[in-house]
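Undergrad: Have a look at this one before I ask anything.
Quick note: the coordinates plus some simple rules give every number you see, no bench work behind them. The shown structure was predicted, so the numbers you read here are calculated from the model rather than taken from an experiment. We place every Cβ from the backbone using ideal geometry, glycine too, and count neighbours over all the protein chains shown.
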Amino acid sequence: MSGAVTAGLVVLALVVVGAQYLGSQRGFPGPGTVSVAAHLGAAIVAIVIQHFADHRRRAVSALASLSVFVVAGVLLWTQWWG
């Protein structure tokens, strides 16, 4: 399940980057540099954590999987609901 959340964060980051690009090309404000950086950073962190979850066993894997959900929650809370 955490792999699907990680993939979702990557897709979300690509959408935000695309919105920023289109905004700059068409003269309307996009999400902003902070939001783009937050989404890219969260996606990269989630990929690294998911790698640990996939290649470790037991407690480390479970903790890494839980950490992906925490990263996603923090991103959504600060960038979308905040």
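Undergrad: Please give the contour-minus-distance gain from I47 to L14: 0.36 nm per residue of separation, less the Cα-Cα distance, rounded to one decimal in nm.
TA: Working: separation 33, 0.36 × 33 = 11.88 nm, distance 1.40 nm.
Length gained, I47 through L14: 10.5 nm.
Undergrad: Kindly provide the helix-only [θ] at 222 nm of the chain, computed as the sum of -39,500 (n - 2.57) over DSSP H runs of four or more divided by all residues, to the nearest 500 deg cm²/dmol?
TA: On the way: 3 runs with 67 residues, N = 82.
Only helices count here, giving -28500 deg cm²/dmol.
Undergrad: Can you compute the modelled spin-label distance between S61 and A7, with each label point 7 Å from Cα toward Cβ, in nm?
TA: Reported label-point gap for S61 and A7 is 1.9 nm.
Undergrad: Here is a follow-up. Which length gain, in nm to one decimal place, applies between W81 and A37 when the Cα-Cα distance is subtracted from 0.36 nm times their residue separation?
TA: Numbers: separation 44, 0.36 × 44 = 15.84 nm, distance 1.70 nm.
Stretched out fully, the W81 to A37 stretch lengthens by 14.1 nm.
Undergrad: Once each part is reduced to its C-alpha centroid, what is the distance from the range 42-82 to the range 1-24 in angstrom?
TA: Rounded to whole Å, the Cα centres lie 15 Å apart.
Undergrad: Hey, what did the chain get for relative contact order, percent, Cα under 8 Å, at least 6 apart?
TA: Details: 73 pairs, mean separation 27.1, N = 82.
Here the relative contact order equals 33 percent.
Undergrad: Given the options A43, A72, A19, which has the most mean-square fluctuation in a GNM of the chain, springs set between C-alpha atoms less than 10 angstrom apart?
TA: A19
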